[in-house]
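The values are calculated or read from the model by the stated rules, or taken from the named source; none is laboratory data. Treat the numbers as computed from the prediction; the structure is a model and nothing was measured. Here Cβ is always computed from backbone atoms with ideal geometry, including for glycine, and neighbour counts include all displayed protein chains. In case anyone asks, the SASA skips ligands and DNA or RNA and just uses the protein heavy atoms, side chains included. Shrake-Rupley method; radii C 1.70, N 1.55, O 1.52, S 1.80 Å.
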Amino acid sequence: MPITDFPRSVGTKAMGARIRRLSERIDRESGRCYALFDTRFEQRWFGIVNQLRLHQSMSVGELASALGITHVSVSQARKSLEAEGLVKSVTDPQDGRKSMLVLTPAGERLVARLAPLWSAMEAASEELFAEAVGLLEGIELLEQALDARSLTSRIIDRLDTENPGGPQADESEKP
(Lines give C-alpha, C1' and ligand atoms only; values in the text may rest on other atoms or scores of the structure.)
Protein backbone atom coordinates (compact mmCIF):
# COMPACT_ATOMS: atom_id res chain seq x y z
CA MET A 1 0.00 0.00 0.00
CA PRO A 2 1.52 3.38 -1.01
CA ILE A 3 2.28 5.97 1.61
CA THR A 4 -0.08 8.91 1.15
CA ASP A 5 2.21 11.53 2.70
CA PHE A 6 5.80 10.49 2.19
CA PRO A 7 7.47 13.66 3.56
CA ARG A 8 5.49 13.42 6.79
CA SER A 9 6.21 9.69 7.10
CA VAL A 10 10.00 10.13 7.04
CA GLY A 11 10.23 13.04 9.49
CA THR A 12 13.50 14.95 9.44
CA LYS A 13 14.71 13.13 6.33
CA ALA A 14 12.37 15.30 4.26
CA MET A 15 12.84 18.57 6.15
CA GLY A 16 13.32 20.61 2.96
CA ALA A 17 10.24 19.07 1.36
CA ARG A 18 8.11 19.85 4.41
CA ILE A 19 9.29 23.47 4.58
CA ARG A 20 8.83 23.91 0.81
CA ARG A 21 5.34 22.38 1.03
CA LEU A 22 4.37 24.80 3.82
CA SER A 23 5.78 27.73 1.86
CA GLU A 24 3.85 26.74 -1.26
CA ARG A 25 0.67 26.29 0.79
CA ILE A 26 1.03 29.71 2.39
CA ASP A 27 1.71 31.27 -1.02
CA ARG A 28 -1.31 29.51 -2.55
CA GLU A 29 -3.65 30.56 0.28
CA SER A 30 -2.29 34.11 0.23
CA GLY A 31 -3.02 34.18 -3.50
CA ARG A 32 -6.64 33.28 -2.74
CA CYS A 33 -6.81 36.21 -0.32
CA TYR A 34 -5.41 38.62 -2.91
CA ALA A 35 -8.05 37.30 -5.33
CA LEU A 36 -10.70 38.39 -2.80
CA PHE A 37 -9.38 41.91 -3.38
CA ASP A 38 -9.46 41.27 -7.14
CA THR A 39 -5.73 41.85 -7.16
CA ARG A 40 -2.89 40.03 -8.82
CA PHE A 41 -0.17 40.07 -6.17
CA GLU A 42 2.44 37.41 -5.57
CA GLN A 43 3.36 36.65 -1.98
CA ARG A 44 7.07 36.75 -2.91
CA TRP A 45 6.64 40.46 -3.69
CA PHE A 46 5.48 41.36 -0.20
CA GLY A 47 8.92 41.75 1.42
CA ILE A 48 10.18 44.02 -1.33
CA VAL A 49 7.03 46.13 -1.50
CA ASN A 50 6.90 46.40 2.29
CA GLN A 51 10.55 47.47 2.52
CA LEU A 52 9.99 50.12 -0.15
CA ARG A 53 6.89 51.29 1.72
CA LEU A 54 8.96 51.63 4.89
CA HIS A 55 12.15 53.10 3.38
CA GLN A 56 10.92 54.87 0.21
CA SER A 57 13.88 53.61 -1.88
CA MET A 58 16.41 50.79 -1.68
CA SER A 59 18.90 49.13 -3.99
CA VAL A 60 18.56 45.49 -4.98
CA GLY A 61 21.53 44.68 -2.74
CA GLU A 62 20.00 46.51 0.23
CA LEU A 63 16.72 44.66 -0.28
CA ALA A 64 18.49 41.30 -0.51
CA SER A 65 20.38 42.04 2.70
CA ALA A 66 17.30 43.29 4.58
CA LEU A 67 15.22 40.28 3.52
CA GLY A 68 17.98 37.68 3.88
CA ILE A 69 17.52 36.41 0.32
CA THR A 70 19.74 36.35 -2.74
CA HIS A 71 20.39 39.26 -5.06
CA VAL A 72 19.07 37.04 -7.87
CA SER A 73 15.75 36.49 -6.05
CA VAL A 74 15.28 40.23 -5.57
CA SER A 75 16.23 40.92 -9.20
CA GLN A 76 13.70 38.37 -10.47
CA ALA A 77 10.95 39.79 -8.28
CA ARG A 78 11.92 43.32 -9.32
CA LYS A 79 11.42 42.42 -12.98
CA SER A 80 7.92 41.11 -12.36
CA LEU A 81 7.05 44.07 -10.10
CA GLU A 82 8.25 46.46 -12.83
CA ALA A 83 6.21 44.56 -15.43
CA GLU A 84 3.14 45.04 -13.20
CA GLY A 85 3.94 48.76 -12.93
CA LEU A 86 4.33 48.61 -9.13
CA VAL A 87 8.01 49.59 -8.83
CA LYS A 88 10.53 51.44 -10.96
CA SER A 89 14.27 52.02 -10.92
CA VAL A 90 15.59 55.52 -10.33
CA THR A 91 19.09 56.92 -10.09
CA ASP A 92 20.35 57.33 -6.55
CA PRO A 93 20.62 61.10 -5.92
CA GLN A 94 23.64 60.47 -3.65
CA ASP A 95 25.49 58.26 -6.16
CA GLY A 96 24.59 58.59 -9.83
CA ARG A 97 26.11 55.15 -10.57
CA LYS A 98 23.66 53.41 -8.26
CA SER A 99 20.10 52.39 -9.11
CA MET A 100 17.35 52.43 -6.48
CA LEU A 101 13.91 50.86 -6.51
CA VAL A 102 10.87 52.90 -5.54
CA LEU A 103 7.14 52.30 -5.54
CA THR A 104 5.29 53.84 -8.46
CA PRO A 105 2.08 55.78 -7.83
CA ALA A 106 0.21 52.58 -8.80
CA GLY A 107 2.34 50.66 -6.28
CA GLU A 108 1.54 53.19 -3.55
CA ARG A 109 -2.20 52.94 -4.33
CA LEU A 110 -1.98 49.15 -4.17
CA VAL A 111 -0.21 49.28 -0.80
CA ALA A 112 -2.97 51.49 0.59
CA ARG A 113 -5.65 49.19 -0.83
CA LEU A 114 -4.02 46.03 0.54
CA ALA A 115 -3.28 47.45 4.02
CA PRO A 116 -6.45 45.92 5.57
CA LEU A 117 -5.66 42.54 4.00
CA TRP A 118 -2.07 42.64 5.25
CA SER A 119 -3.29 43.53 8.73
CA ALA A 120 -5.67 40.54 8.65
CA MET A 121 -2.87 38.30 7.33
CA GLU A 122 -0.62 39.40 10.18
CA ALA A 123 -3.32 38.63 12.74
CA ALA A 124 -3.97 35.23 11.15
CA SER A 125 -0.23 34.48 11.22
CA GLU A 126 -0.04 35.38 14.89
CA GLU A 127 -3.00 33.06 15.53
CA LEU A 128 -1.30 30.21 13.65
CA PHE A 129 1.96 30.68 15.56
CA ALA A 130 0.02 30.72 18.85
CA GLU A 131 -1.55 27.38 17.89
CA ALA A 132 1.80 25.95 16.76
CA VAL A 133 3.45 26.59 20.12
CA GLY A 134 7.19 27.10 19.84
CA LEU A 135 7.31 27.02 16.03
CA LEU A 136 8.63 30.54 15.58
CA GLU A 137 11.30 29.93 18.20
CA GLY A 138 12.10 26.62 16.52
CA ILE A 139 12.54 28.33 13.16
CA GLU A 140 14.82 30.90 14.79
CA LEU A 141 16.88 28.13 16.41
CA LEU A 142 17.12 26.28 13.08
CA GLU A 143 18.34 29.44 11.33
CA GLN A 144 20.92 30.03 14.10
CA ALA A 145 22.12 26.44 13.87
CA LEU A 146 22.54 26.77 10.09
CA ASP A 147 24.36 30.09 10.56
CA ALA A 148 26.72 28.42 13.03
CA ARG A 149 27.33 25.39 10.81
CA SER A 150 25.87 24.81 7.36
CA LEU A 151 23.88 21.76 6.38
CA THR A 152 26.50 21.07 3.70
CA SER A 153 29.27 20.99 6.29
CA ARG A 154 27.25 18.67 8.52
CA ILE A 155 26.60 16.29 5.63
CA ILE A 156 30.23 16.32 4.44
CA ASP A 157 31.43 15.55 7.98
CA ARG A 158 29.19 12.49 8.04
CA LEU A 159 30.37 11.40 4.61
CA ASP A 160 33.98 11.76 5.77
CA THR A 161 33.25 9.65 8.86
CA GLU A 162 31.21 6.99 7.09
CA ASN A 163 33.10 7.01 3.78
CA PRO A 164 36.77 8.07 4.15
CA GLY A 165 38.12 9.32 0.85
CA GLY A 166 34.72 10.66 -0.25
CA PRO A 167 34.00 14.27 -1.18
CA GLN A 168 35.60 16.97 0.94
CA ALA A 169 33.91 20.08 2.30
CA ASP A 170 34.99 23.39 0.85
CA GLU A 171 37.01 25.18 3.53
CA SER A 172 34.53 28.09 3.38
CA GLU A 173 31.82 25.69 4.56
CA LYS A 174 33.79 24.54 7.61
CA PRO A 175 32.89 26.25 10.90
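Numbers for the structure displayed
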read-out	value
Most mobile of 161, 39, 12 in a GNM of the chain (Cα contacts under 10 Å)	161
For the chain, built as a Gaussian network whose Cα springs stay under 10 Å, the top-fluctuating residue of 105, 116, 93	93
Added length on full extension, which subtracts the Cα-Cα distance from 0.36 nm per residue, residue 139 to residue 158	4.5 nm
Charge context of residue 109, other residues only, Cβ under 15 angstrom, K/R +1, D/E -1	+1
Environment charge at residue 47 (Cβ cut-off 15 Å; Lys +1, Arg +1, Asp -1, Glu -1)	-1
Overall dimensions of the chain by Cα: Rg and Dmax, Å	20.4, 65
GNM flexibility winner over the chain from 156, 19, 48 (Cα, springs under 10 Å)	156
Separation of alpha-carbon centers, the stretch 51-83 and the stretch 96-113, rounded to whole Å	11
Helix axis angle, 151-162 relative to the chain longest principal axis, alpha carbon, degrees	10
Angle in degrees between helix 135-148 and the longest Cα principal axis of the chain, rounded to the nearest 10	70
Cα shape, the stretch 50-130, gyration tensor, a/c 1.5 rule	prolate
Heavy-atom accessible surface of the chain: percent carbon and sulfur, 1.4 Å	56
Calculated FRET value between residue 119 and residue 95, using beta carbons and R₀ = 41 Å, to 0.05	0.70
Total lysine pairs under 27 Å (Cα atoms) in the chain, excluding pairs fewer than 8 apart on one chain	4
In nm, spacing of pseudo-spin labels at residue 146 and residue 128 (7 Å Cα→C-beta vector)	1.7
